[in-house]
Amino acid sequence: MANIKSPTLLLGAGLTGLSCAYHLKNDYLLVEKESEPGGIVRTRIRHDGFLCDGTGHWLHLRNDYMKSLAQKLLPGQLVEHERKAVIHMRNCFTPYPFQANTYGLPAEIVRDCLLGLLKARHPEDFGLKQPVDAPANFRQWIERYFGDGIAKHFMIPYNEKLLGVNLENLRPEYAERFIPRPSLEDVIKGALGFSRESLGYNARFVYPREGGISALPRSLAANLRIPPSYNLSVTKIDLESHTASLSDGRIVRYDHLLNTSPLPRFLSLISDAASEMRSLAGQLHASTVHYFDIGVRGGGDIASTYHWIYFPEPEFIFYRSGSYSAVHSDAAPAGCRSYYVEMSGGAADWLGRPEELKKRVLADLRKARVLSADDEILFMELSEIPFAYVIFDQNYESCRKNIFEFLENHDVITAGRWGGWNYGGMEDALLEGKAAADRINAQSIS
């Protein structure tokens, strides 16, 4: 097949790649190995009408430009929702975020959380010294800003269950942007029953009226000047010659390259990467999430209508469950409900026994009063998300910095949740795609 030339080569038609293509001024080639756009942000139709988004994908819009773009792409289709999220603890449900909603929990937990926070924020009142050194790891960061009670009862067990690693191995700023730090007044009010549930970046979100979350990437793809090339992937990259081999046998010569695929996978495609880069790629770590999509017929139990539920307690095999249909009733046929149940490191020993895992998950959902004994299970399908959560270990910053510098020196931008090897939501992916396009546009002009 003939070689081709493209000013910009884009790897991956997820939100970052789509956003970059949308904002580019010159021509490009956008390759996507799947048969549709969206990457991980895709809706699957399961068992006659259940819309499943591959776990919860709720659109949190804070940037004014992205708000206007979303409205332009989906005019009149975005419905705003107020978060209905809770934490399950000691057979109780307390609103999220935990640190501002301990009312109703056993008295000893409320005591631990309040005293721990007071000691952390006003140590001198308890004969303690104000810490001088900055927190050395994520565990210390939690204890410094929330106290040992909130840390012990929720923050530490939940995050270790989510990531499958000891929090002492993580950088102190891990997920700082996503963890609400309420005032002392909010914490005390939350302990007394005067809850303020609007804390946090995800207190409100929007979701498409039709088509599931796939409506967003499909509309973005439909509005591109040059549509994505589906069922096509890059098999090898030569940085010096600015060429990439495609799975259909063609070779692309490019001026600029944007990668949005998982960074370790992308680095493995580079034929002329230095041995140092291959070594750094081996130091990039992430957790894999396994999840069940579940379709149910029946009335449900007390917790069946929450949008999502956090489970820090070790007796539950999953760290979070959520309901597609609780957010959007059309996600399930009439008289039915749909769920996703997420598991990380704690389920590793069960993955080789899928039928036993199903029974365990269903038993835990009934124990948590998400499912009732009378609910009929219509389907239960297991999937995985590789590289679901990047591990911000102590090597993370220097390793990522060196890789990025190496790639930038070869006219490669790597961005998005996986290409940028970071943690972010859908809006972040869209913004990073636009920022990449802005850089390429500026370089093309100069």
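The values are calculated or read from the model by the stated rules, or taken from the named source; none is laboratory data. Not measured: the values here are computed from a predicted model. Neighbour counts are summed over all protein chains in view; Cβ atoms, including those assigned to glycine, are modelled from backbone coordinates with ideal geometry.
Structure values in brief
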quantity	calculated
Per-region count, region 59-96, residues assigned to a strand (DSSP E or B) and either assigned by TED's automatic domain parsing to the domain that holds residue 429 or within 13 Å of residue 309 (Cβ to Cβ) (or both)	9
Residue 140 buried (at least 16 other Cβ atoms within 10 Å of the Cβ), of a type in the set (S, T, N, Q) and either in the same structural domain as residue 347 (by TED's automatic domain parsing) or in contact (Cβ under 8 Å) with a residue 60 or more places away in the chain (or both)	no
Test: residue in region 295-314 that is more than 30 Å from residue 86 (Cα to Cα) and hydroxyl-bearing (Ser, Thr, Tyr)	no
Count of region 13-45 residues which are more than 19 Å from residue 442 (Cα to Cα) and crowded, with 17+ Cβ neighbours inside 10 Å	13
Verdict on residue 24 being under 22 Å from residue 328 (Cβ atoms), touching a residue at least 12 places away in the same chain (Cβ under 8 Å) and touching a helix residue (DSSP H, G or I) at 6+ places or on another chain (Cβ under 6 Å)	no
Scope region 97-133; condition assigned to a helix (DSSP H, G or I) and loosely packed, with under 12 Cβ neighbours inside 10 Å; matching residues	107, 108, 124, 125, 126
Positions within region 134-151 being outside any helix (DSSP H, G or I) and charged (D, E, K, R), in sequence order	none
Qualifying residue in region 34-48 (condition: in a helix (DSSP H, G or I), within 17 Å of the chain's Cα centre (by Cα) and closer than 29 Å to residue 380 by Cα)	no
Filtered residue count, region 325-355, keeping only those that are closer than 15 Å to residue 294 by Cβ and free of Cβ contacts under 8 Å to residues at least 12 places away in the same chain	1
Members of region 246-276 that are surrounded by fewer than 18 Cβ atoms within 10 Å (Cβ to Cβ) and not aliphatic (A, V, I, L, M)	247, 248, 249, 250, 253, 255, 265, 268, 271, 272, 275, 276
Unique match (being under 23 Å from the mean Cα position of the chain (by Cα), modelled with pLDDT of 95 or more and crowded, with 22+ Cβ neighbours inside 10 Å) among 306, 324	324
Conditions (1) assigned by TED's automatic domain parsing to the domain that holds residue 248; (2) assigned to a strand (DSSP E or B); (3) of a type outside the set (S, T, N, Q); (4) surrounded by fewer than 24 Cβ atoms within 10 Å (Cβ to Cβ): number failed by residue 10	(4)
Filter result for residue 195 (farther than 23 Å from residue 17 by Cα and modelled with pLDDT under 95)	yes
Residue identified as small (Gly, Ala, Ser), out of contact with any Phe, Trp or Tyr (no Cβ under 8 Å at 6 or more places or on another chain) and within 25 Å of residue 429 (Cβ to Cβ) among 344, 338, 268, 329	268
Listing of strands (runs of 3 or more DSSP E) fully contained in region 203-293 that carry 1 or more residues being in contact with a His (Cβ under 7 Å, 6 or more places away or on another chain)	204-208, 251-259
Residues of region 174-194 satisfying the condition of being in a loop (DSSP other than H, G, I, E, B) and out of contact with any Pro (no Cβ under 9 Å at 6 or more places or on another chain)	174, 175, 181, 183, 193, 194
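Let's see how each residue does on (1) out of contact with any strand residue (DSSP E or B) (no Cβ under 9 Å at 6 or more places or on another chain); (2) of a type in the set (Phe, Trp, Tyr); (3) over 29 Å from residue 154 (Cα atoms):
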{"residue": "60", "(1), (2), (3)": "no, no, no"}
{"residue": "69", "(1), (2), (3)": "yes, no, yes"}
{"residue": "72", "(1), (2), (3)": "yes, no, yes"}
{"residue": "77", "(1), (2), (3)": "no, no, yes"}
{"residue": "81", "(1), (2), (3)": "no, no, no"}
{"residue": "85", "(1), (2), (3)": "no, no, no"}
{"residue": "90", "(1), (2), (3)": "yes, no, no"}
{"residue": "93", "(1), (2), (3)": "no, yes, no"}
{"residue": "96", "(1), (2), (3)": "no, yes, no"}
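A quick yes/no check of all residues on (1) surrounded by fewer than 17 Cβ atoms within 10 Å (Cβ to Cβ); (2) under 25 Å from the mean Cα position of the chain (by Cα); (3) over 30 Å from residue 169 (Cβ atoms); (4) not small (Gly, Ala, Ser):
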{"site": "349", "(1), (2), (3), (4)": "yes, yes, no, yes"}
{"site": "353", "(1), (2), (3), (4)": "yes, no, no, yes"}
{"site": "369", "(1), (2), (3), (4)": "yes, no, yes, yes"}
{"site": "375", "(1), (2), (3), (4)": "no, no, yes, yes"}
{"site": "380", "(1), (2), (3), (4)": "no, yes, yes, yes"}
{"site": "390", "(1), (2), (3), (4)": "no, yes, no, yes"}
{"site": "393", "(1), (2), (3), (4)": "no, yes, no, yes"}
{"site": "396", "(1), (2), (3), (4)": "no, yes, no, yes"}
{"site": "408", "(1), (2), (3), (4)": "yes, no, no, yes"}
